[in-house]
1. Kindly indicate which of LEU314, LEU327 is within 19 Å of SER214 (Cα to Cα), crowded, with 24+ Cβ neighbours inside 10 Å, modelled with pLDDT of 90 or more and of a type in the set (A, V, I, L, M, F, W, C).
2. Cβ-Cβ distance below 6 Å, separation of 6 or more or different chains: which pairs start in region 414-426 with a residue that is in contact (Cβ under 8 Å) with a residue 24 or more places away in the chain and end on one that is among the aromatic types (Phe, Trp, Tyr) and surrounded by fewer than 20 Cβ atoms within 10 Å (Cβ to Cβ)?
3. Name the single residue, out of those in region 151-166 being at pLDDT below 95 and part of a loop (DSSP other than H, G, I, E, B), that is most open to solvent (accessible area, probe 1.4 Å).
4. For GLN422, are the conditions met, namely being more than 19 Å from GLY368 (Cβ to Cβ) and in a strand (DSSP E or B)?
5. Within region 214-221, does at least one residue satisfy the condition of being surrounded by fewer than 21 Cβ atoms within 10 Å (Cβ to Cβ) and modelled with pLDDT of 95 or more?
6. I'd like the residue in region 477-515 that is among the β-branched types (Val, Ile, Thr) and assigned to a strand (DSSP E or B) and, out of all such residues, is nearest to LEU314 (Cα to Cα).
7. If we keep just the residues of region 167-186 that are at pLDDT 90 or above and open to solvent by less than 40 Å² (accessible area, probe 1.4 Å), which is farthest from ARG321 (Cα to Cα)?
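The values are calculated or read from the model by the stated rules, or taken from the named source; none is laboratory data. Note that the coordinates shown come from a computational prediction; the quantities given were computed from them, not determined experimentally. Cβ sites come from the backbone with ideal geometry, for glycine too, and all protein chains shown count toward neighbours. Ligands, DNA and RNA are stripped out before the accessible areas are found, and what is left, the full protein with its side chains, is counted by its heavy atoms. Shrake-Rupley method; radii C 1.70, N 1.55, O 1.52, S 1.80 Å.
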Amino acid sequence: MLASAIAVAAAVGGTTARADSPAIETRLRQLEAEIAKLKKEAHEAKAAARAASNVANAANVKADLHAAPPPPPVFVSFRNGIFVETEDKAYSFAVRGRVIVDGGGITQPLNGSSNNVGMRQARLQIEGKAGKVWFYKLAYDFAGTAQITGNNQVLGGIRDAYLGIQHPALTLPFAKDPMFIMVGNQFEPFSLEATQSTIYRSTIERAMAVDAISPSRHIGLAAGAYGDNWSVKGGVFSTSPQDASFSPAQNTPSTWGIPTARGWVSTGGAQYVDLSGRAVYAPILDEHKLLEFGVSGRYHRPNDATAANDDQVLRLGNRIRSEANILSQGLLGTPDLSCGSYTLAGFFGGIPTSSAAGHCTRDVTSYGFELAGAYGPLDFQAEYLATDYHRNMNKILQARASGVFAPGGASQHFSGYYLYGQYWLTGEERATAYEINDKNGANFGQIKIKNPVSAGGFGAFALIARYSALNLNSGPYSGTGLANMLAYTTFVRPSTVATGVIQNAGVAGGRQENVMAGFNWFPEKGIHFQFNWTHVLHVSAPLNDYIITAPPSGLLPGRQGFYMNGAHPDILEARAMVYW
């Protein structure tokens, strides 16, 4: 009705503009009065409707005072994965993942492949927080288990799998945020490079010393805290899904208290235990400059573990692949420093026993020192790591008498280090990627790309060079000298006693030095290409429990033969990765 009146008024108004009649003017004033009346009635009707709605809502609330409040709005993002978070940031959920493909070749394959291409990682993970104080993460890798040779190929794909809490009640007076507690499978807090994510690492492979001496992820309980420029984390750990096996060897059989006729032996053993920690301090830390110092420590108690399950510690260096894992070239490695598992019959009054742990290693202490810095587009990183094995000489002699290859003495020392420098040709600054509050300990995350390809730029491009060394020899003889002495006592003046003395005088796990040059290209956040050229400066062959007495083709005794002494292969490796 109101619209009709307005239309009529408009028509009449148009007529008024063309004529000057008193009757028309009278009619126009009448219509204007009617329009004003209709507007008033419409306004009163809307007010009455609103009042009725308010009364109904009040009645509904009164009828159900215990009704649940409506769910809060959520934020959803599909940028670099799937991320969902509530408006109050109390709850979040993210789906992440990565696909990494490696390829490479070598000019002088001493073992392993001369060239190869493969899927290094194919990982999916979920992570998030709940109730503001809880956080969690579960990651599974469908590839990357080739180095694990035990019976845990399925569970071996588990990477991060933990639950944590960071509650205000855990606030420390000198910390930036409350301390946090984590339980589950996680990185042991040891080493800067060992705890850094593969997708952010500047080199394709970790340095040899880091891979050999640093622990991987283990199941355990840890606690940590951080401030504006410091971070500390420590915990107790045991079994790792990445172990060669989940079961330690049998315990040493009882020698008294049980009648000999019963022939009793232990049917189970105790798993190893780790205590580890890492502390970091960054006296210089801003968007353009960084200087960071850190120290790590680890105490490892093997208990009844042997290299059959605890291979990363008790067979030190046997997973090292010359900083090019895709080619599987393993040049280093010690024998089982626990003396393995063997039959003890004849040592305890002729009691027939089954195979039991040798217990040649009582405990292992490892430590590391780290230094990292950045100034504008230039950055560097360095670490020194060492490990000391404290052994039981009586057990070592007992193992030798049983026919086990058990070299070395009451203590063995191994060490390694690396240093690399990197320069960003496109002006990026690694200091912006430093995260002091990382739950794995302070470390480097995603570099901030100034001009990604999607914005018309070329992405982030950096050149890098590294020197690394690892020495797994601990004794008077190694390398060519060891080879010549064994050749003399084996072929020139054969002497079983002399050969045994030389072999057992120390642990010869080998020594290697590498130099590497390469580049990194981040065209976008979530895409990373790498190329590394590695030259082996020096390699000293290991001598472990694969000793042969009648070497074929004129090779001297040794696992791979001592022919690798003096070899200088060149390794080319490329990597393409997508992560979200």
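1. Working: LEU327 fails: within 19 Å of SER214 (Cα to Cα).
Answer to the check: LEU314.
2. Cβ pairs passing all conditions: TYR417/TYR384; LEU419/TYR467; GLY421/PHE380; LEU425/PHE461; THR426/PHE461.
3. Residues of region 151-166 that are at pLDDT below 95, as a first pass: 151-159.
From what's left, part of a loop (DSSP other than H, G, I, E, B): 151-154.
Details: ASN151: 125, ASN152: 5, GLN153: 84, VAL154: 107 Å².
Checking each candidate, the answer is ASN151.
4. Values: more than 19 Å from GLY368 (Cβ to Cβ): yes; in a strand (DSSP E or B): yes.
In short, yes.
5. Of region 214-221, the ones surrounded by fewer than 21 Cβ atoms within 10 Å (Cβ to Cβ) are 216, 219, 221.
Filter once more, so that each one left must be modelled with pLDDT of 95 or more: 219, 221.
Yes.
6. Going through region 477-515, the residues among the β-branched types (Val, Ile, Thr) turn out to be 480, 489-490, 492, 496-497, 499, 501-502, 507, 515.
The next check asks that each one be assigned to a strand (DSSP E or B); those that pass are 507, 515.
On the way: VAL507: 12, VAL515: 27 Å.
Here the answer is VAL507.
7. The extreme case among them is PRO178.
So that you can scan it fast, the table gives a plain yes or no per residue for (1) modelled with pLDDT under 95; (2) of a type in the set (Gly, Ala, Ser):
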site	(1), (2)
ARG391	no, no
ASN394	yes, no
SER402	yes, yes
PRO407	yes, no
GLN422	no, no
ASN451	no, no
